[in-house]
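Trainee: Sending over a structure as structure tokens; questions will come in a sec.
Nothing in this text is a laboratory measurement; each read-out follows from the coordinates by a stated rule. In this text the structure is predicted, and so the values were computed from the model without any measurement. Using ideal geometry, Cβ is built from the backbone for each residue, glycine included, and neighbour counts are taken over all protein chains shown.
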Amino acid sequence: MSSNEKLQNILATILQIGPDSIRDDLTAEDVDTWDSLNHIALMGALEQEFNVQIDIERVEDSQSVGALKAILTDLGITFADDGNRN
């Protein structure tokens, strides 16, 4: 499973949204279920799935899918360009 697919599955599961709606410009403001509790759940799931530790300072900056990808990329996770905005 690619990094894009893993991220998409985590977001879809925790936020209870369809995978097709997940794109880089999707933000916490766009999703009713992306509240503070689910944001913490997202961070934990990302740390576990990708075996990384996200600094608390970065957590506050991770309010979009694109920002989450940027943080994970900074931690050594690669996201192949599969032609989608996922």
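Trainee: What net charge do the residues around Glu49 carry, taking every other residue with its C-beta under 12 Å from that of Glu49, with Lys and Arg at +1 and Asp and Glu at -1?
Mentor: -1
Trainee: On a C-alpha basis, how far is the centre of segment 17-81 from the centre of segment 1-16 in Å? Whole number, if you could?
Mentor: 9 Å
Trainee: How far, in nm, would the chain grow between Thr13 and Ala67 when pulled straight, counting 0.36 nm per residue and subtracting the alpha carbon separation?
Mentor: Stretched out fully, the Thr13 to Ala67 stretch lengthens by 17.6 nm.
Trainee: Divide by every residue of the chain the summed helix terms, -39500 (n - 2.57) for each DSSP H run of at least 4, and state the resulting mean residue ellipticity at 222 nm, rounded to the nearest 500 deg cm²/dmol.
Mentor: Calculated from helices alone, the mean residue ellipticity at 222 nm is -15000 deg cm²/dmol.
Trainee: Taking the chain, how much of its Cα-Cα pair set, in percent, is spaced more than 21 angstrom apart?
Mentor: The share of Cα pairs beyond 21 Å in the chain comes to 18 percent.
Trainee: While we're looking at this one, here's another question. Using a simple spin-label model with points 7 Å from Cα along the Cα→Cβ vector, what separation in nm is obtained for Asp35 and Ser21?
Mentor: Taking the two extended label points, one gets 1.6 nm.
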